[in-house]
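Heads up: the structure comes next, in structure tokens.
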Amino acid sequence: MDHFSVSYDQLPMTEPFMYCTIPDRIQYYATNSPDKAAFIIHSTSGSREVITCEDVYQQSQTFARGLVHLGIKKSDTIGLFFPNSKEWLVSTFGILMAGAVPLHMSFNYNDGRDIIPVLQVPGNCKAILMANEKDSSIVDFLDNILKRSKSDTENTELKKERLLPSLKFVALDNSMTGFEDCCTISDISSIGTKYQNINLPFLDPDDIAAFLLTSGSTGISKLVPKTHLQMLEMGQGFVAAYNMEPCDVYFNDRLFNWGAGYPTVFLVCGATHVTSSDQFTLQTISEI
């Protein structure tokens with residue numbers, strides 16, 4: 001009966017679990033292979049951006065210091081919405097280094113009616129970092145979560161209450177006028193550069209590293225918390241399944257904020273992650 005002692009679908013781990021944090025892995029590659037290409041991001045316009053291991057670590061650390069100076073504390077939640085880009089990488093890893101938790105969000109309505117209830121769930125959403133086109137497509141969303149600046153209130157009806165009362169600020173990749181507590185991603189990095197003496201908090205592998213969202217096919221999306229350890233375990237599964245090595249280069253068109261697109265393979269084995277800033281995939285279930 002010995003041949004029945006092991007399930008046919010059992011796949012024992014051949015490598016020990018990585019009991020460390022995501023920033024630990026980023027620092028490891030920045031120290032041991034600083035000039036290696038960590039990420040290569042293409043676009044359909046023909047642009048190609050190479051981000052080295054050292055770039056990822058140094059820029060994320062600077063961004064983290066900027067967040068801490070702006071009042072972000074350990075375990076705070078920060079909403080995050082970017083395409084696959086350097087902004088996503090620096091913001092996500094910077095949030096983690098600051099001790100906060102990225103809530104990887106997406107929404108279908110300009111006023112954010114589908115994502116605001118999700119952002120309200122943790123109860124401590126202190127900031128939102130997001131991409132914005134060079135137009136007014138997100139004005140309705142900002143109207144629901146920010147106050148209008150004094151110079152802009154004469155012609156605009158003020159909201160009676162903010163739907164995210166814990167929110168401190170919103171940071172965009174392109175500047176937008178007319179709102180209080182609204183800055184740019186580069187502003188946060190500039191603050192971090194100025195305050196290099198800020199100490200970043202200690203992190204534990206069992207700390208929450210991400211809030212991922214379900215599809216929302218049955219209503220409002222639900223939050224799925226994942227720890228640093230769980231995210232790295234997922235990457236170890238991918239590395240084992242595809243026999244990945246540090247010298248490998250792989251293409252993944254999935255969104256960074258999806259489980260299958262999150263850069264866990266790079267974090268686990270150091271393989272270069274190639275992706276596109278222009279999405280060829282469905283972003284939400286509503287696009288079907």
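Tabulated results
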item: Extension reserve of the residue 195-residue 139 stretch, reckoned as 0.36 nm per residue once the Cα distance is removed; result: 17.0 nm
item: Where a label projected 7 Å from the Cα of residue 74 along Cα→Cβ would reach, residues of region 164-207 with amide N under 20 Å; result: 197-207
item: Among 90, 45, 70 - extreme Cα towards positive end, dipole of region 15-278, charges at beta-carbon; result: 70
item: Whole-Hz ³J(HN,Hα) from phi, Karplus 6.51 cos²θ - 1.76 cosθ + 1.60, for region 22-29, glycine and proline x; result: 4, x, 4, 5, 5, 5, 4, 6
item: Protection proxy ranking, peptides 247-258, 84-95, average beta carbon neighbours within 10 Å, highest first; result: 84-95, 247-258
item: Only Lys, Arg (+1) and Asp, Glu (-1) charged, at Cβ; region 15-278 dipole about Cα centre in debye; result: 560
item: Of 178, 275, 163, farthest towards positive along the dipole that unit charges on Lys, Arg, Asp, Glu beta carbons give region 15-278; result: 163
item: The chain - share of DSSP beta bridges that are antiparallel (%, nearest 5); result: 30
item: Relative frequency of Cα-Cα separations exceeding 31 Å in the chain, percent; result: 29
item: Over 19 Å between alpha carbons, listed pairs 36/86; 74/168; 147/168; 86/126; 74/126; result: 86/126
item: Listed peptides 260-271, 201-212 by packing density, highest first (mean Cβ within 10 Å); result: 260-271, 201-212
item: Protection-proxy order for peptides 121-128, 20-27, 137-144, each taking the mean of Cβ atoms within 10 Å per residue, highest first; result: 20-27, 121-128, 137-144
item: Label-to-label distance, nm, for residues given as residue 242 and residue 254 (7 Å Cα→Cβ offset); result: 0.9
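Values in this text are rule-based calculations from the coordinates and carry no lab data. This structure is a prediction, so every number in the text was calculated from the model and none was measured. Cβ atoms come from the backbone with ideal geometry, glycine included; neighbour counts cover every protein chain shown.
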